[in-house]
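Please read the structure below before turning to the comments.
The values are calculated or read from the model by the stated rules, or taken from the named source; none is laboratory data. Not measured: the values here are computed from a predicted model. Note that each Cβ is placed from the backbone with ideal geometry, even for glycine, and that neighbours are counted across all protein chains shown.
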Amino acid sequence: MLGILGGTFDPIHFGHLRPALEVMEHLRLDEVRFVPCRIPPHRRTPVASVEHRLAMVERAVHGQPGFVVDRRELDRDGPSYSVDTLESLRAELGNDTPLCLMMGMDAFAGLPSWHRWEEILKLAHIVVAHRPGSPASHDLGDWATEAATRDLNELRARPAGAVWFQPVTQLDISATAIRAMLRRGESPRYLMPSSVLDYIRAQGLYLDASPTQGAATRFA
Ligand code: ATP
């Protein structure tokens, strides 16, 4: 069983990494694929280039068994739709492997606005980690309640179609807040891996509010 965590990762922080590890261990996932998006469909253009965001994710997962960086969205033109990513993973892995699309509760609350969202559940399970400040699961639609399961064996027995709510350590960390700290000259140390912070400092990222910092050449 495989986990997939898509995101802007602008920059990656412990609010991404710690829940991912807890989900991996609790669900006994073989691996978690971190999939940085090239163009996020639902949010504004990332501040750092895809090249920098990828480099930060690579540094963040380095040394953690089971954490893998998957760059397929960076090589694809147009908006990075999760449904396309799942279809491409299915084409590679076949229809039998259970896939778990992982996301925070804030992302899950917006799921019905995603491109071809109903097809997502045909391709994968959805694993939702609660995130500080996001709605509780009972505020979500009937479809989520119907698809929700508490039976881990059901997740493992079916390749797709279930929703799983996973309690995780609540870390009120956001990429937006980290970028704001860096702009103000404050340190986001202990909110993210030091290897990522070292990279940000070395590359001079997030020092001003201008969009897309760094050469986007490699994946443009
Ligand atoms: P921002 O802070 O600007 O909102 P973000 O970190 O939420 O950025 P992404 O990098 O796109 O943006 O997030 C990727 C995924 O990680 C999303 O599914 C999001 O819900 C989840 N996530 C991000 N931060 C946390 C957190 N602190 N706790 C749990 N999940 C999180």
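Odds and ends about this structure:
- Residue list for segment 22-38, restricted to those being within 12 Å of the ligand (Cβ to nearest atom) and out of contact with any Leu (no Cβ under 9 Å at 6 or more places or on another chain): Glu22
- In summary, helices (runs of 4 or more DSSP H) completely within segment 1-119 and bearing 2 or more residues that are modelled with pLDDT of 95 or more and within 14 Å of the chain's Cα centre (by Cα) occur at 14-27, 50-61, 82-93.
- Residue tally, condition touching a Cys at 6+ places or on another chain (Cβ under 7 Å) and aromatic (Phe, Trp, Tyr), over segment 58-114: 0
- Residues within segment 120-147 that are more than 17 Å from the chain's Cα centre (by Cα) and in a loop (DSSP other than H, G, I, E, B), tallied: 5
- Scanning segment 75-108 for residues that are under 18 Å from Leu27 (Cβ atoms) and of a type in the set (S, T, N, Q) returns a single hit, Thr97.
- Long-range neighbours under 7 Å by Cβ, at least six apart or interchain, first residue of a type in the set (Phe, Trp, Tyr) within segment 1-30, second within 6 Å of the ligand (Cβ to nearest atom) and part of a loop (DSSP other than H, G, I, E, B): Phe14/Leu171; Phe14/Ile173
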